[in-house]
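Bear in mind these aren't lab numbers, they're just calculated from the coordinates by the rules spelled out. If you're wondering where the values come from, they're calculated on a predicted model, not measured in any experiment. Here the Cβ positions follow ideal geometry from the backbone for every residue, glycine too, while neighbour counts run over all protein chains shown.
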Amino acid sequence: MSWRSERIWIELIAGSRKISNFGWALILFLGSLGFVLVGISSFFGRNFISLLPSQQINFFPQGIVMSFYGIAGLFISSYLWCTILWNVGSGYDRFDIKEGIVCIFRWGFPGKNRRIFLRFLMKDIQSIRIENKEGLFARRVLYMEIRGQGAIPLTRTDENLTPQEIEQKAAELAYFLRVPIEVF
């Protein structure tokens, strides 16, 4: 989603709150919970889940291993739920021709550096760069090349844009900023 006028372009960036992340976090939580419950059931010798008969599972070594994997999965699931709750990676890109400033803002993990805020002068922008890797794991990323700072990504690496979409976006941004486009 973006908003644009003659002098200002604001591009909103989606973070971790995606349907796929919700799905993976839920699947991982339920699977891990099942592993923990089967491990505990094998320790007590009783079925806590009627669908999973645990009398046939010995606590040592199968029950201990299942409990370990279940606890590890619960930790990973809690990490995913926290990234969704904090919406890590969300933010905006603001290009202001009137003031000649580019602002890039992203939310990170809680702590001292939760707010990631970068400011550049438009005259320091050298180019808009497209990285296009084809193959089994195709990747198309849009970068902004800043003098003395290197390349700063403007799109997420997991954003599955078609070649036409990434070229259109790069062309519009390069035209707006009045800089050349590079393709790698």
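Debye calculation, C-alpha points only, no solvent: report log10 I(q)/I(0) for the chain at q = 0.10, 0.11, 0.14, 0.17 Å⁻¹, in the same order as the q values.
After summing over all Cα pairs, the log10 values are -0.58, -0.65, -0.84, -1.07.
Per DSSP H run of n ≥ 4, the term is -39500 (n - 2.57); total these for the chain, divide by its residue number, and report the mean residue ellipticity at 222 nm rounded to 500 deg cm²/dmol.
Helix contribution divided over all residues of the chain: -12000 deg cm²/dmol.
Comparing 61, 153, 163, which has the greatest mean-square fluctuation in the GNM of the chain with Cα pairs linked when under 10 Å apart?
Highest fluctuation among the options: 61.
Name the residues of the range 11-31 whose amide N is less than 16 Å from a point 7 angstrom out from the Cα of residue 172 along the C-beta direction?
Residues passing the 16 Å test: 11-14.
Compute the distance in nm between two label points, each set 7 Å from the Cα along the Cα-to-Cβ direction, one at residue 132 and one at residue 79.
It is 3.5 nm.
Give the Rg/Rh ratio for the range 97-184, taking Rg as the radius of gyration of the Cα atoms and Rh as the Kirkwood radius, to two decimals.
Radius of gyration relative to Kirkwood radius: 1.00.
Evaluate 2.2 N^0.38 Å with N set to the residue count of the range 20-86, then give the Cα radius of gyration divided by it.
After normalising by residue count via 2.2 N^0.38 Å, the value is 1.21.
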